[in-house]
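Structure, as structure tokens:
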């Protein structure tokens with residue numbers, strides 16, 4: 001899983017049926033210190049994350065489909081948690 | 001999933017059996033400010049509605065084939081939707 005920050009959303013009306021009624025959020029990837037690494041992903045929101053929040057991003061299809069209970073859906077990137085704190089040893 | 005711009009169409013008359021009827025489009029992956037990043041790729045159009053010039057979002061790897069009507073197809077990038085708007089938080 002990856003750390004990311006929600007920086008926006010993506011609106012799409014013409015899309016694959018599996019993505020109907022799903023919230024797509026634009027997420028900047030972060031390093032453990034919370035600094036953007038330059039990458040980003042568009043993710044389906046499974047936890048109700050809001051703008052500006054640091055989140056836990058899953059980028060693996062089988063797990064994503066399992067969490068959404070949507071077998072066969074072409075979904076790979078999913079927000080599975082809202083991060084409260086990261087501490088490095 | 002990431003943003004991409006459709007830059008052209010690809011026609012192949014000789015192809016693997018699973019690709020029959022699959023619409024192929026050339027897409028340029030974009031960063032979140034809609035600037036080109038990386039190489040253009042050929043993506044299957046899973047929604048059958050995308051066309052050149054449009055902003056779309058794509059998925060790579062196994063999930064690309066999952067987007068197609070027949071899911072056991074040799075496809076590694078697929079267009080999942082046409083983007084109407086990308087809204088960014090102020091200052092991000």
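The values are calculated or read from the model by the stated rules, or taken from the named source; none is laboratory data. As the structure is a prediction and not an experimental result, all values here were calculated from the model. Note that we place each Cβ from the backbone using ideal geometry, even for glycine, and neighbour counts take in every protein chain shown.
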- Of all residues in the range A:44-69 being part of a loop (DSSP other than H, G, I, E, B) and at negative phi, the one that is surrounded by the most Cβ atoms within 10 Å (Cβ to Cβ): A:49
- Could you check, for the range B:6-29, whether at least one of its residues is within 18 Å of residue A:59 (Cα to Cα), more than 10 Å from every other protein chain (Cβ to nearest Cβ) and touching a residue at least 24 places away in the same chain (Cβ under 8 Å)? yes
- Task: Looking for whichever is within 12 Å of another protein chain (Cβ to nearest Cβ), farther than 20 Å from residue B:62 by Cα and over 10 Å from the mean Cα position of the chain (by Cα) here; the options are A:38, A:34. Which one fits?
- Result: A:38
- Query: Out of (1) assigned to a strand (DSSP E or B); (2) at pLDDT below 95, what's the single condition that is false for residue B:12?
  - Reply: (1)
- Message: If I ask for residues that are under 15 Å from residue B:5 (Cβ atoms), loosely packed, with under 15 Cβ neighbours inside 10 Å and either within 11 Å of the chain's Cα centre (by Cα) or more than 10 Å from chain A (Cβ to nearest Cβ) (or both), which ones from the range B:44-89 would you list?
- Response: B:51, B:52, B:53
- Message: Here is a check on your reading of the model: is residue A:18 at the interface with chain B (Cβ under 9 Å from one of its Cβ atoms) and closer than 20 Å to residue B:59 by Cβ?
- Response: yes
